[in-house]
Each structure stands twice: as structure tokens, then as C-alpha cells.
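Notes follow the structure.
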């Protein structure tokens with residue numbers, strides 16, 4: 001081979017330099033190092049997040065414990081007002097509650113004007129308001145009670161710092177709880193909380209042993225602190241809102257810990273990562289194949305499930321595209337209109353199930369719907385469809401846009417309900433309601449007849465007695481009867497006849513629940529109006545009647561006839577009870593005075609009427625049913641007297657009650673409003689002791 005040929009031939013290729021392989025190894029080492037560093041960092045972050053999550057969970061549990069304790073305290077404070085406690089019993093119960101609940105430093109019983117009725121301080125410290133007095137916190141109490149009255153529940157005030165005689169101070173918060181009696185405000189219970197004692201008493205010892213817990217304001221100002229001192233080199237903090245009616249506090253929890261231990265977590269992470277790397281290479285392909293097969297099976301199951309669900313529906317479904325062509329109907333819709341899917345799919349307006357006389361109206365409605373100018377009502381609209389046999393039936397149509405996976409509207413989906421049965425049920429219900437109203441009117445007629453027969457006995461009996469007396473005067477052998485006696489008897493007959501007419505009118509208005517025509521009547525006139533009938537029956541039964549009327553009583557605002565019937569019924573029942581018990585010297589006391597509540601203060605807006613007898617009293621088994629309509633212990637009684645009396649008194653805003661008479665007998669009391677009462681409808685329950 002010549003020298004020129006050697007120069008023209010290329011040299012044979014030598015070994016490729018290992019720069020690319022070295023680069024791959026360097027890339028692999030860099031990836032492994034990055035993986036290790038990432039694992040170390042993630043392990044540290046994981047431990048930090050675990051510590052923080054545990055702290056957040058402890059803080060949430062602490063909030064729950066405080067809420068539960070506050071709710072328990074509200075229930076205990078409500079129990080203080082159960083029944084009608086006296087001041088001494090209330091004070092004893094409050095002292096016992098303060099001894100059990102260290103977070104409470106003071107409990108007060110206040111009236112509707114926030115005047116203090118009774119107050120008790122905690123036995124564990126000197127009185128909290130001994131230095132500055134209670135008046136400085138009056139604004140907080142007013143604010144809390146205003147919120148409590150508005151929400152009909154406990155109300156809280158913002159916290160306030162109260163200096164103490166020892167030179168220190170405490171942070172307190174007022175809680176006001178309204179009290180209701182008979183549906184009307186009856187005062188307040190005001191409790192003062194110490195925020196520091198709340199943290200010390202309401203949280204578990206394990207929690208405060210490992211954390212520092214504090215109440216703070218929204219800007220971070222600490223109000224009260226309790227718990228462990230600082231330990232460790234790293235602080236973890238958590239804040240949760242304690243939202244109370246009228247006040248919001250922030251519960252902050254701090255925990256000092258050392259730096260997280262990372263070495264055990266790193267080893268575990270490395271082993272796990274290497275195992276996953278080795279197994280993932282072998283399982284990727286199999287996993288991908290299994291995933292594809294699973295997706296196909298899930299898709300088939302979903303299609304079968306949807307088909308079964310659509311076939312089982314009793315609601316008709318129909319889908320239309322944006323041009324109005326029917327693209328889908330379910331079996332329920334086909335059964336509803338009587339057409340097969342082949343007869344409906346692809347069909348546009350007019351639809352075969354539209355009644356011919358309504359095609360024009362339905363066509364306009366469909367054009368408006370497809371144009372999208374008006375959205376269909378969410379509650380649906382009613383329409384009329386025609387079955388294949390020509391019969392009409394009402395339907396309720398609910399329409400919604402049909403949206404595809406890309407969020408675009410492709411048509412309208414409609415749901416149809418056949419409301420033929422609903423219309424039939426509504427018609428039956430309307431007919432039943434008319435029959436019930438007719439039955440109610442018949443019951444009202446029967447009730448009015450019963451009340452009339454009960455209440456007319458008294459004036460008719462009086463008329464008969466006066467008529468018999470007049471005949472006796474005319475038939476006497478001692479000559480001409482005295483003109484004065486006959487005039488009095490005839491005048492009494494006329495009065496009782498007029499009274500019978502008023503009774504009929506009052507009972508008629510009472511049964512029909514009409515508003516009563518009330519008037520101002522002097523209390524003595526009410527008593528004088530019934531005394532002739534009371535005296536007449538008292539002479540017959542040999543009962544001594546005594547009346548006591550307090551002087552200078554204002555007039556009462558009432559339905560005069562019905563109130564007279566109440567007095568007469570109570571007096572007659574008392575005399576009959578003493579006659580049946582064969583009391584040796586029966587006596588009846590009718591008393592009229594101003595209503596006096598339990599605290600002894602006179603109520604200027606109410607008068608109290610009482611009827612006291614010396615009969616055998618009311619047995620325990622009879623008391624519960626005494627005012628029940630048609631319940632009676634008399635052989636010839638109707639059981640309507642006391643029920644009518646209570647209804648009449650309550651319609652005047654008063655209260656009818658009874659209590660034992662000492663040493664023997666029963667006292668019935670009821671109240672009526674005077675002409676200068678603030679409200680006729682105000683309850684008079686506070687003026688009488690309950691039975």
C-alpha cells in the first residue's frame with residue numbers, strides 16, 4: 001500500500017470515551033443525594049407537623065372542655081331558679097355551687113331592672129369587688145343581660161381587670177342568664193367568671209403540665225396564663241377561638257420542645273424508599289395493565305348500574321338537545337305517555353304527547369326555553385300531556401340544563417311526575433275538610449247548649465223562688481199582701497230574667513270566641529249583684545255568709561256578666577260542699593282586696609277575689625282533674641262550672657287557683673285587672689300561691 005493510499009483511508013474508530021457513562025453515574029449519585037436530603041428534610045417536617053397537629057388537637061379538646069363546663073354551669077344556674085326559691089334557700093344553693101365550681105367568683109340574683117336581690121361570693125378568695133365596688137362593672141352586666149334577653153339564652157360580657165386588695169388583680173368576665181316565668185321575664189342570674197381559674201379548673205392537669213395555656217385578645221394581649229414553664233429550645237403555638245354569645249376569646253397554647261430526632265426516621269425512610277424503588281420497577285407494567293382492566297370493569301358496572309337505576313325509576317326522564325330534538329327517554333316516561341322509545345327519539349316539536357288544542361302554547365314555551373331567555377323555575381311547573389290513547393293527565397315538569405364534561409350546555413334534562421293521584425287526594429282532602437268543618441260547627445252548637453243549660457239554672461231557679469214567694473204572699477190568709485214585698489219580688493224576677501238573657505248572650509259570645517265587650521265596674525257592684533242569689537241559697541242551706549271588701553278599691557275592667565257567674569259558681573260550689581259534708585255551723589267568706597304577691601308588695605294593677613268555705617276540702621286524687629271539662633264529683637253535676645270559671649278568668653288575663661283553708665275547707669282565689677293596669681293580658685300568677 002502506498003503512502004498516498006494510506007493518507008486517503010480513514011483511521012479505524014477507537015474506544016468511545018466514557019464521559020457519557022460517567023455523566024449518568026454522576027446524575028444518579030446526585031439524584032440519590034437529593035433523595036436522601038429530601039428524606040431527611042421531610043422526616044423533620046413530618047415530626048414538626050406531628051407535634052403541631054397534636055398541639056392543635058389538644059387546643060381543640062381544651063376548647064371543648066371549656067364549652068362543656070360553661071354549659072354545665074348554665075344548667076346549674078338555671079337549677080337555682082327552679083320552682084319559687086326564697087332568698088335564704090337560693091343563697092344556700094349558690095354557696096354550695098360556688099364551693100364546687102372554683103371558676104365562679106360571684107353569683108347574683110337580680111330583678112328585671114338589674115337590681116341585686118341576693119349575692120354570694122366564692123369562699124376561696126376575698127370578695128373580688130371589695131376594693132372598687134360592684135358598680136364599676138355595672139356596664140358589663142347591662143351589656144351581658146341585654147344580649148341574653150335578646151337571644152333568650154346566656155350572654156357574656158367582655159373581660160375586665162379587677163384590682164385586688166393585695167396589690168394584684170384578676171381578669172373577670174360576666175355571664176347573664178335570663179329567667180322566664182309563665183312566658184314573661186322574671187329576672188336574671190349574673191355569674192362572674194375568673195379567667196385564670198377557668199384555665200386552672202376546667203382544663204385537665206395533664207394538659208397544663210406539658211403546655212402553657214392562656215386567654216388572649218385578638219391583638220395578642222394576654223388576659224390570663226396557666227401551665228408549665230418554658231422548657232426546650234423550640235416553641236410550638238396554637239390558637240383557637242372561644243366564641244361565646246357577646247364575647248370572643250382566643251385560647252392560646254404554647255409548648256416548648258427540643259429539636260426533633262431525625263435519625264430513626266431517616267433510616268426508616270431510606271429502607272422504605274429502597275424497597276419501593278426495587279419493587280416499583282417490576283410492578284409498574286403489571287399495575288398499569290391491572291388499572292386499565294379495572295377501569296374497563298368499573299365503566300361497565302357504572303353503565304349497568306345507571307341502566308338498572310333508570311329502569312327502576314317511577315319519574316319520567318327526557319333529554320333534548322339545543323335544537324329541541326329528543327335524545328333520551330327512560331322507561332318510566334314511555335309508560336307514562338304510552339309511546340315506545342323508537343317513536344320518541346329524534347322527534348322534535350310538536351311532540352306526539354302534546355294535546356292538539358295546546359300545541360301553539362307549548363311551541364312558544366319551548367322556543368323561549370331553548371332560547372335561554374328565561375330559566376325554568378326550580379320548583380317546576382305544571383302542564384297537561386296526552387297519552388297515546390288520547391286521555392289527558394296532569395304532570396309536574398322540572399327542567400335543568402344538561403352540562404357536558406367540558407362545562408358546556410348541550411341541551412335540557414326534564415323530569416316528569418304524574419300528579420293525577422295527587423290531584424285526586426287533594427280533592428278528597430278538601431271534601432274531608434268541609435265535613436270536619438261541619439262537624440266542628442255541630443260540636444260548637446253542642447258546647448253552647450251545654451253551657452247554656454249549666455249557666456241558666458241559677459237565674460231560672462231564682463225566678464222560680466221569687467215567683468213562689470209572690471204566690472205565697474197572694475194566697476196568704478192574712479189579708480192583702482204588702483205592696484212593698486210584691487214589688488220587691490217582681491223586681492227581683494225581672495232582674496233575674498234580664499240576667500238570664502245576659503247569660504245567654506255572654507255564653508254565646510264565649511263559645512264563638514268573640515272579643516268581649518268589657519267595661520269598668522266597681523268591685524262592690526260585682527259583689528252586690530250576686531249577693532241576692534248567694535243569700536237565697538245560703539238561707540236554704542243554713543249557711544252564714546260574710547263579706548269583706550277593702551276600702552278605696554279601683555274599678556276592674558271585665559265582662560260583668562261572666563265575672564258575676566264566676567263568683568256565683570264558686571260560692572254555690574262552696575255551700576253545696578259544706579251541705580254534703582253536713583258541717584255543723586257552715587260559714588262562707590267572700591273577700592275582695594288588692595292582689596298581694598309572695599314578697600308582700602301590693603300590685604296596684606290587680607284585684608283579688610276569694611271564696612273560702614269550711615267544707616271537707618278537695619281530695620288529692622280530685623285536684624289534678626278539678627278543672628277538666630265534664631269532670632264532676634256530684635251526682636247531678638255537668639262538670640262545666642270550674643272549667644268555665646278558669647276560662648273566663650284567663651281570658652281577662654287573670655289566674656284562678658285554690659289552696660287549703662286552715663284549719664278546714666278550701667279557698668278559691670282569682671284575679672282581675674283594674675282600669676289603670678298596664679296590660680289587661682298580663683298574667684296574674686305572681687299574685688297568688690299555686691295549688
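The values are calculated or read from the model by the stated rules, or taken from the named source; none is laboratory data. What you are looking at is a predicted structure, and each value in this text was computed from that prediction instead of being measured. Every residue, glycine as well, gets a Cβ built from its backbone with ideal geometry; the counts of neighbours run over all protein chains shown.
Observations, loosely collected:
- Subset of segment 181-232 (residues that are touching a strand residue (DSSP E or B) at 6+ places or on another chain (Cβ under 6 Å) and under 20 Å from residue 77 (Cβ atoms)): 186, 187, 188, 189, 190, 191, 192, 193, 194, 195
- If you go through segment 332-351 and keep only what is touching a strand residue (DSSP E or B) at 6+ places or on another chain (Cβ under 9 Å), surrounded by 15 or more Cβ atoms within 10 Å (Cβ to Cβ) and in a helix (DSSP H, G or I), you end up with 332, 333, 334, 336, 337, 344.
Conditions tested, residue by residue: (1) modelled with pLDDT of 65 or more; (2) farther than 23 Å from residue 553 by Cα; (3) not in a helix (DSSP H, G or I).
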| site | (1), (2), (3) |
| --- | --- |
| 614 | yes, yes, yes |
| 638 | no, yes, yes |
| 644 | yes, yes, no |
| 649 | yes, no, no |
| 653 | yes, no, yes |
| 676 | yes, no, yes |
| 679 | no, no, yes |
| 689 | no, no, yes |
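- Checking residue 111 against (1) over 13 Å from residue 173 (Cα atoms); (2) modelled with pLDDT of 90 or more, the condition it does not meet: (2)
- The single residue among 62, 94, 139, 118 that is touching a strand residue (DSSP E or B) at 6+ places or on another chain (Cβ under 7 Å), closer than 26 Å to residue 251 by Cα and either outside the structural domain of residue 250 (by TED's automatic domain parsing) or surrounded by 12 or more Cβ atoms within 10 Å (Cβ to Cβ) (or both) turns out to be 62.
- Evaluation of residue 659 against (1) within 23 Å of residue 564 (Cβ to Cβ); (2) at pLDDT 90 or above; (3) surrounded by fewer than 18 Cβ atoms within 10 Å (Cβ to Cβ) (one fails), failing number: (1)
- Some residue of segment 387-396 being over 19 Å from residue 315 (Cα atoms) and in contact (Cβ under 8 Å) with a residue 40 or more places away in the chain: yes
- Assessment of segment 188-200 against the conditions (closer than 30 Å to residue 47 by Cα and crowded, with 18+ Cβ neighbours inside 10 Å) yields at least one matching residue.
- Some residue of segment 527-535 being modelled with pLDDT under 85, surrounded by 13 or more Cβ atoms within 10 Å (Cβ to Cβ) and not assigned by TED's automatic domain parsing to the domain that holds residue 593: no
- Which numbered condition residue 70 fails, given (1) touching a residue at least 24 places away in the same chain (Cβ under 8 Å); (2) in contact with a helix residue (DSSP H, G or I) (Cβ under 7 Å, 6 or more places away or on another chain); (3) surrounded by 14 or more Cβ atoms within 10 Å (Cβ to Cβ): (2)
- Close pairs from segment 243-256: first modelled with pLDDT of 85 or more, partner surrounded by fewer than 19 Cβ atoms within 10 Å (Cβ to Cβ) and assigned to a loop (DSSP other than H, G, I, E, B), Cβ under 7 Å, at least 6 apart: 245/153; 247/158; 250/217; 250/218
- Residue 317 being loosely packed, with under 11 Cβ neighbours inside 10 Å and modelled with pLDDT of 75 or more: no
- Residue count for segment 547-587, restricted to those that are more than 20 Å from residue 659 (Cβ to Cβ) and part of a helix (DSSP H, G or I): 9.
- Selection count where residues are surrounded by 13 or more Cβ atoms within 10 Å (Cβ to Cβ) and either at pLDDT 75 or above or assigned to a helix (DSSP H, G or I) (or both), scope segment 360-383: 7
- Summed over segment 201-226, residues that are without any contact (Cβ under 8 Å) to a residue 60 or more places away in the chain and either in contact with a helix residue (DSSP H, G or I) (Cβ under 7 Å, 6 or more places away or on another chain) or surrounded by fewer than 18 Cβ atoms within 10 Å (Cβ to Cβ) (or both) total 16.
- Among the candidates 320, 297, 369, 365, the residue that is out of contact with any helix residue (DSSP H, G or I) (no Cβ under 6 Å at 6 or more places or on another chain) and outside the structural domain of residue 413 (by TED's automatic domain parsing) is uniquely 297.
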